[in-house]
Structures are given as structure tokens and as C-alpha cells.
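Worksheet: one structure, shown below.
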Amino acid sequence: PEDIPRLTSVHESLMATSCQRVELTPWLLVFANSDMCPKGPISMLNLVSFRPLAFVQESYLSYIETMKEEIGAKHGLVLKLSGGGVALVWYSSFQHFTDTLSDGDY
């Protein structure tokens, strides 16, 4: 139908440079302050595979410990890691999630 807006291309400035990290983008900030943003706590599930680069597992586990001890304490996030490369992160709100992303230590 004619009333459906045409799709436009995503602006390059909003594209993450890697799938290895989460980046704070202007769009994410707009969403965080919109009525569409979920209210209350949110959870993020990370599924991590170390194959064929098994040597990065130690680095990732060190990152998780830093997140739990330093970043988590500042932003109130709770992070749990199972032995199988599954990490569950709990944030008090979506705004706490974006606050964590804006932290220079993150």
C-alpha cells in the first residue's frame, strides 16, 4: 500500500564496527528515552563459542571478571557465567544498560 513508508538504508555512523562489542549509538540513546523502551529490569544473554580460537577463552573470562567486579559495581549490573560459554547479564533498566555502555572503562 502507498501509506507504508519506504525503507531507507541504515546510516553508516550507526553501524557497529564489530560484532565483538556493543556500542552506544545515537539511535540506542533515542530508544532508551522513548515510550517504546521497556520499563524495569532487562536481561542480556551472551552465547560465546571459543572454537576454533580456544586461546581467547582465558581473555574472555578475564573480561567477565572485570565486568563483575569493576563495571558491575558502578552500574548495578549482575553477571553470571556458566562453564559452557553462556553469560547472563541483568540490568536494573535499559537506561542502566546505556549508562554501562557510556562508561570509558567498559
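The values are calculated or read from the model by the stated rules, or taken from the named source; none is laboratory data. Note that the structure is a prediction, hence the values are computed from the model and not measured. Here Cβ is always computed from backbone atoms with ideal geometry, including for glycine, and neighbour counts include all displayed protein chains. Heavy atoms of the whole protein, side chains included, go into the accessibility calculation; ligands, DNA and RNA do not. Shrake-Rupley method; radii C 1.70, N 1.55, O 1.52, S 1.80 Å.
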Pairs needed: first member in segment 76-103, of a type in the set (Asp, Glu); second member anywhere, at pLDDT 80 or above; C-beta distance under 6 Å; at least 6 residues apart or different chains.
ASP99/HIS75
Specify which of the listed residues (LEU24, LEU61, LEU14) is at pLDDT below 75 and open to solvent by less than 100 Å² (accessible area, probe 1.4 Å).
LEU14
Restricting attention to segment 66-102, and to residues there that are among the hydroxyl-bearing types (Ser, Thr, Tyr) and open to solvent by less than 50 Å² (accessible area, probe 1.4 Å), which single residue is nearest to LEU47 (Cα to Cα)?
TYR91
The condition from (1) at pLDDT below 80; (2) part of a helix (DSSP H, G or I); (3) among the charged types (D, E, K, R) that ARG51 misses is numbered (2)
